[in-house]
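Here the structure comes first, spelled out in C-alpha coordinates, and everything after it is commentary.
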Amino acid sequence: MRLISFDMDGTLLDTEVVWFQAQCEFAEDLGFTWVDDDQTECLGGPLERVARHIVMRSGTPRHHDDVG
(Lines give C-alpha, C1' and ligand atoms only; values in the text may rest on other atoms or scores of the structure.)
Protein backbone atom coordinates (compact mmCIF):
# COMPACT_ATOMS: atom_id res chain seq x y z
CA MET A 1 0.00 0.00 0.00
CA ARG A 2 1.28 3.45 -0.90
CA LEU A 3 0.30 6.65 0.81
CA ILE A 4 0.38 9.81 -1.26
CA SER A 5 -0.14 13.23 0.28
CA PHE A 6 -1.05 16.34 -1.68
CA ASP A 7 -1.19 20.00 -0.82
CA MET A 8 -4.63 20.58 -2.30
CA ASP A 9 -4.56 24.38 -2.21
CA GLY A 10 -4.55 25.43 -5.82
CA THR A 11 -5.00 21.90 -7.10
CA LEU A 12 -8.78 21.68 -7.06
CA LEU A 13 -9.70 25.18 -5.89
CA ASP A 14 -7.81 28.45 -5.86
CA THR A 15 -8.36 29.56 -2.28
CA GLU A 16 -5.65 32.25 -2.23
CA VAL A 17 -8.17 34.98 -3.10
CA VAL A 18 -10.38 34.02 -0.15
CA TRP A 19 -7.36 33.69 2.17
CA PHE A 20 -6.07 37.13 1.08
CA GLN A 21 -9.47 38.68 1.81
CA ALA A 22 -9.58 37.05 5.25
CA GLN A 23 -6.11 38.37 6.05
CA CYS A 24 -7.12 41.87 4.91
CA GLU A 25 -10.20 41.85 7.14
CA PHE A 26 -8.30 40.49 10.13
CA ALA A 27 -5.54 43.08 9.69
CA GLU A 28 -8.15 45.83 9.53
CA ASP A 29 -9.63 44.58 12.83
CA LEU A 30 -6.14 44.94 14.34
CA GLY A 31 -5.71 48.44 12.95
CA PHE A 32 -3.41 48.00 9.97
CA THR A 33 -3.68 47.42 6.24
CA TRP A 34 -2.60 44.08 4.78
CA VAL A 35 -0.61 44.91 1.64
CA ASP A 36 0.94 42.92 -1.20
CA ASP A 37 4.30 42.80 0.63
CA ASP A 38 2.58 41.12 3.59
CA GLN A 39 1.02 38.58 1.26
CA THR A 40 4.35 37.91 -0.44
CA GLU A 41 6.07 37.46 2.92
CA CYS A 42 3.48 34.96 4.14
CA LEU A 43 2.47 33.13 0.95
CA GLY A 44 2.98 29.40 1.23
CA GLY A 45 4.11 29.58 4.83
CA PRO A 46 2.73 27.87 7.88
CA LEU A 47 -0.02 29.56 9.87
CA GLU A 48 2.36 30.18 12.78
CA ARG A 49 4.61 32.31 10.54
CA VAL A 50 1.61 34.27 9.30
CA ALA A 51 0.43 34.82 12.89
CA ARG A 52 3.88 36.06 13.93
CA HIS A 53 3.91 38.43 10.97
CA ILE A 54 0.47 39.78 11.88
CA VAL A 55 1.55 40.36 15.50
CA MET A 56 4.69 42.15 14.36
CA ARG A 57 2.89 44.34 11.79
CA SER A 58 -0.05 45.21 14.00
CA GLY A 59 1.85 45.89 17.20
CA THR A 60 -0.84 44.01 19.09
CA PRO A 61 0.10 42.83 22.57
CA ARG A 62 -1.56 39.49 21.76
CA HIS A 63 0.63 36.41 21.50
CA HIS A 64 0.88 34.86 18.04
CA ASP A 65 -0.81 31.70 19.35
CA ASP A 66 -3.91 33.82 20.03
CA VAL A 67 -3.87 35.24 16.50
CA GLY A 68 -3.48 32.12 14.33
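The values are calculated or read from the model by the stated rules, or taken from the named source; none is laboratory data. Keep in mind that what you see is a predicted model, and the values were worked out from it rather than measured. FYI the Cβ positions are ideal-geometry reconstructions off the backbone, even for glycines, and counts take in every protein chain you see. In case anyone asks, the SASA skips ligands and DNA or RNA and just uses the protein heavy atoms, side chains included. Shrake-Rupley method; radii C 1.70, N 1.55, O 1.52, S 1.80 Å.
A few points about this structure:
- Segment 30-43: number of residues that are loosely packed, with under 11 Cβ neighbours inside 10 Å and charged (D, E, K, R): 2
- Those residues of segment 44-68 which are surrounded by 14 or more Cβ atoms within 10 Å (Cβ to Cβ), at pLDDT below 85 and either hydrophobic (A, V, I, L, M, F, W, C) or within 16 Å of F20 (Cα to Cα) (or both), in sequence order: V67, G68
- Pair list, Cβ < 8 Å and 6+ apart or interchain, from segment 5-20 residues that are of a type in the set (V, I, T) to residues that are at pLDDT 75 or above: none
- If the condition is being within 12 Å of the chain's Cα centre (by Cα) and open to solvent by 70 Å² or more (accessible area, probe 1.4 Å), then segment 9-29 contributes V17, V18, W19, Q21, E25.
- D38 at pLDDT 85 or above and charged (D, E, K, R): yes
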